[in-house]
1. Being touching a Cys at 6+ places or on another chain (Cβ under 8 Å) and either modelled with pLDDT under 95 or not assigned by TED's automatic domain parsing to the domain that holds Ala232 (or both), is that true of even one residue in the stretch 170-189?
2. Among Glu213, Glu160, Glu224, which is loosely packed, with under 15 Cβ neighbours inside 10 Å and touching a residue at least 60 places away in the same chain (Cβ under 8 Å)?
3. Within the stretch 49-107, which residues are touching a Gly at 6+ places or on another chain (Cβ under 6 Å) and under 23 Å from Ala15 (Cα atoms)?
4. Anything in the stretch 2-28 that is at positive phi and either over 18 Å from the mean Cα position of the chain (by Cα) or in a helix (DSSP H, G or I) (or both)? List them, or say none.
5. Exactly one of these conditions fails for Gly229: (1) surrounded by 11 or more Cβ atoms within 10 Å (Cβ to Cβ); (2) among the small types (Gly, Ala, Ser); (3) without any contact (Cβ under 8 Å) to a residue 24 or more places away in the chain. Give me its number.
6. Please determine, by comparing only the residues of the stretch 48-100 that are part of a loop (DSSP other than H, G, I, E, B) and of a type in the set (Ser, Thr, Tyr), which one is surrounded by the fewest Cβ atoms within 10 Å (Cβ to Cβ).
7. For Ser209, which of the numbered conditions (1) of a type in the set (Ser, Thr, Tyr); (2) assigned to a helix (DSSP H, G or I); (3) at pLDDT below 90 fails to hold?
8. When you go through Ala165, Ala200, Ala194, Ala234 one by one, which is the residue that is surrounded by 15 or more Cβ atoms within 10 Å (Cβ to Cβ) and free of Cβ contacts under 8 Å to residues at least 24 places away in the same chain?
Amino acid sequence: MNATVFLGGGRIASAMAAGLRRAGYRKTIVVYDRHPAKLRVLRRESRVETARDLKSAMLRAEMMIVAVRPASVAEILDEVKHCGTSAPKLCVSLAAGIPLSRLRAWLGEKTHWVRAMPSPVCRVGRGLTALCFDRNVTKSERARVCELFKGVGVVIEISESKFDAFTAVYSSSHGYHALAALANAGQEAGLDRATAMLAAAHSLSDGVSYWRESQSWLPDLLREAATLGGIAAATMSAMDEAGYSQSVSKGIKAGIRRARLNSRC
């Protein structure tokens, strides 16, 4: 019972395993998944061990990480419950929208649950992970979970009431979506694809990097970058008039609604 066991070998488990190995994580990582192809990739990429069945995985688990889709959580936990041995005391769920109360009900009060929301960019150690802890998680268990996720990026603790909003706001997809839209607009304006992508990527990454390093107030940076009467100011103004902020807000609300639907799975 000294392994970190992932239930599910999909993209987030793959990213976490790669990020942990990149950070020098030395503990055994075991992955259980019904699809052999996923396990072969994980073994090759991140030197994980694989479990032939749930019982053998649980017998080795010091910490269990549920990394399946929200709709599959109830099924996999029911299988754990009836696999012939008990789950470890410390369990982490990466399933968006599934509340601690439901996780607790599925495996019982003896299980200490943590919800975590990492991102696929944890693969390169630059992720941000939000954590919330069930009431029975001990101080040493908190420290163990925090240490694990600090290996793949920054860790913050938030209340469960804010978890769905965080999940909707924090996603690398926002960056990719903005990058694609900006690059496409650049092409439409006459730039070749490579130049449009380069300009768009620097526009996003340089601005965020400067904000982080300067620790400046965002409105001040906007005024600095978009001089009144200039090209940037005209661009921003037209975007706002087209409903840019409203579109982002609408998207976040849709994401929160999806997370709340997941809670009914």
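1. Taking the stretch 170-189 and keeping what is touching a Cys at 6+ places or on another chain (Cβ under 8 Å), we get none.
Scanning the stretch 170-189 turns up no residue that is touching a Cys at 6+ places or on another chain (Cβ under 8 Å) and either modelled with pLDDT under 95 or not assigned by TED's automatic domain parsing to the domain that holds Ala232 (or both).
2. Values: Glu213 fails: touching a residue at least 60 places away in the same chain (Cβ under 8 Å); Glu224 fails: touching a residue at least 60 places away in the same chain (Cβ under 8 Å).
It is Glu160.
3. Of the residues in the stretch 49-107, the ones touching a Gly at 6+ places or on another chain (Cβ under 6 Å) are 55, 67-68, 70.
Across the stretch 49-107, the qualifying residues are Ala67, Val68, Pro70.
4. The first filter runs over the stretch 2-28 and keeps only residues at positive phi, leaving 8, 24.
The one that is at positive phi and either over 18 Å from the mean Cα position of the chain (by Cα) or in a helix (DSSP H, G or I) (or both): Gly24.
5. Unmet condition: (1).
6. Looking only at the stretch 48-100, we keep the residues that are part of a loop (DSSP other than H, G, I, E, B), and these are 48, 51-53, 67-69, 82-89, 94-99.
Now narrow it down to the ones that are of a type in the set (Ser, Thr, Tyr): 85-86.
On the way: Thr85: 12, Ser86: 15.
Here the residue is Thr85.
7. (3)
8. Details: Ala165 fails: free of Cβ contacts under 8 Å to residues at least 24 places away in the same chain; Ala194 fails: surrounded by 15 or more Cβ atoms within 10 Å (Cβ to Cβ); Ala234 fails: surrounded by 15 or more Cβ atoms within 10 Å (Cβ to Cβ).
When all the criteria are applied, what remains is Ala200.
The values are calculated or read from the model by the stated rules, or taken from the named source; none is laboratory data. Nothing here was measured: the structure is a model prediction, and the numbers come from that model. Note that we place each Cβ from the backbone using ideal geometry, even for glycine, and neighbour counts take in every protein chain shown.
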